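S.K.: Following this message is one structure expressed as structure tokens.
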Amino acid sequence: MLRIAPSILSADFAALGAEIDRVRLEADWLHVDVMDGHFVPNLTIGPPVVAAIRRHTDAYLDCHLMMSNPGKYLEAFAAAGANHCSVHVEIDDTAALIKTMRGLGLGVGLAVNPETPFEACEPWLARIDQVLVMSVHPGFGGQQFLEEAIPKVARAFELAQRDGLTLSIEVDGGLDVDTVGRVAEAGADTFVAGSAIFGHPDPAAAARAIRDAAAAAVAKAR
Ligand code: DX5
Ligand code: ZN
């Protein structure tokens, strides 16, 4: 199953509800980028905004926590209505964070930055639901896709097959109709796109086009 996760980072925050409505029918998940101004050099949104989104939509909320200390806020995100949270492998404390997310009933994701070797994620794959491979340096939307994501996706896919894991592979950053095929072919199933969707005059059509490009690449590869 392929999933499209529009990233609201590129939406108009002053009209967030309407922006979500514009993509809702094509959005399997909604990707919510949480930035703390410390782990990444930018600040975005937190639990109160997630709660407001939850009051507006029943969409599956995929919260990407670009934070140095997500453990302090996991309970607040769960209470706000997050369905899934991803924490970064670079901050350590992974075992405790996975345990806390499980205890809160959240989907459990582990994110990995472009400069971090995929080996950092390997010990955790059997305990998580999803690995989030960053294909840009986190912090900002609208950056160019970084190729180094592709071998990481392939490695995650290979290990999941080898060990019989039900592991979802999400890719985040620089995805559009031209780049999504490469990561779909390598084994990714969940595709985050911000600027390619919300920067398009018809965001739902843009999401559908990305889904079609991913599906075409998978059909060709398998
Ligand atoms: C970057 C964020 C991404 C971002 C992707 O730090 O994690 O989710 O919204 O935006 P695009 O699709 O524009 O690269
Ligand atoms: Zn993200």
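The values are calculated or read from the model by the stated rules, or taken from the named source; none is laboratory data. Keep in mind that this is a model prediction, so the values were computed, not measured. Quick reminder, even Gly has a Cβ in these numbers, built from the backbone with ideal geometry, and neighbours come from all protein chains shown.
Residues checked against (1) under 22 Å from residue 5 (Cα atoms); (2) more than 16 Å from ligand 1 (Cβ to nearest atom); (3) surrounded by 16 or more Cβ atoms within 10 Å (Cβ to Cβ):
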{"site": "61", "(1), (2), (3)": "yes, no, yes"}
{"site": "73", "(1), (2), (3)": "no, yes, yes"}
{"site": "93", "(1), (2), (3)": "no, yes, no"}
{"site": "103", "(1), (2), (3)": "no, yes, no"}
{"site": "113", "(1), (2), (3)": "yes, no, yes"}
{"site": "117", "(1), (2), (3)": "no, yes, no"}
{"site": "137", "(1), (2), (3)": "yes, no, no"}
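S.K.: Checking the condition outside any loop (DSSP other than H, G, I, E, B), among the hydrophobic types (A, V, I, L, M, F, W, C), in contact with a helix residue (DSSP H, G or I) (Cβ under 8 Å, 6 or more places away or on another chain) and surrounded by fewer than 19 Cβ atoms within 10 Å (Cβ to Cβ), which residue from 160, 184, 156 passes?
M.R.: None of the others qualify; the one that does is 160.
S.K.: Condition first: surrounded by fewer than 24 Cβ atoms within 10 Å (Cβ to Cβ) and touching a helix residue (DSSP H, G or I) at 6+ places or on another chain (Cβ under 7 Å). Now tell me which residues in the stretch 188-202 satisfy that.
M.R.: Selection gives 195, 198, 199, 200.
S.K.: Any residue at all in the stretch 189-196 that's of a type outside the set (Phe, Trp, Tyr), without any contact (Cβ under 8 Å) to a residue 60 or more places away in the chain, under 22 Å from residue 25 (Cβ atoms) and away from ligand 1 (no atom under 14 Å from the Cβ)?
M.R.: no
S.K.: Quick test for you: out of 43, 2, 25, pick the one residue that is more than 24 Å from residue 183 (Cβ to Cβ), surrounded by fewer than 22 Cβ atoms within 10 Å (Cβ to Cβ) and at pLDDT 95 or above.
M.R.: Of the residues listed, the single one that is more than 24 Å from residue 183 (Cβ to Cβ), surrounded by fewer than 22 Cβ atoms within 10 Å (Cβ to Cβ) and at pLDDT 95 or above is 43.
S.K.: List the residue pairs whose Cβ atoms are under 8 Å apart, where the first residue sits in the stretch 155-176 and is aromatic (Phe, Trp, Tyr), the second is part of a strand (DSSP E or B) and buried (at least 17 other Cβ atoms within 10 Å of the Cβ), and the two are 6 or more positions apart or on different chains.
M.R.: 157/169
S.K.: A further question follows. For the subset of the stretch 163-181 comprising residues that are farther than 15 Å from residue 121 by Cβ and surrounded by 17 or more Cβ atoms within 10 Å (Cβ to Cβ), which member is farthest from ligand 2 (Cβ to nearest atom)?
M.R.: The qualifying residue farthest from ligand 2 (Cβ to nearest atom) is 181.
S.K.: Tell me, please, whether a residue that is touching a residue at least 60 places away in the same chain (Cβ under 8 Å), of a type outside the set (A, V, I, L, M), touching a helix residue (DSSP H, G or I) at 6+ places or on another chain (Cβ under 9 Å) and assigned to a strand (DSSP E or B) can be found in the stretch 122-138.
M.R.: No, because not a single residue in the stretch 122-138 is touching a residue at least 60 places away in the same chain (Cβ under 8 Å), of a type outside the set (A, V, I, L, M), touching a helix residue (DSSP H, G or I) at 6+ places or on another chain (Cβ under 9 Å) and assigned to a strand (DSSP E or B).
S.K.: Restricting to the stretch 139-153, give me the number of residues that are more than 15 Å from ligand 2 (Cβ to nearest atom), buried (at least 19 other Cβ atoms within 10 Å of the Cβ) and of a type outside the set (Val, Ile, Thr).
M.R.: Of the residues in that region, 1 qualify.
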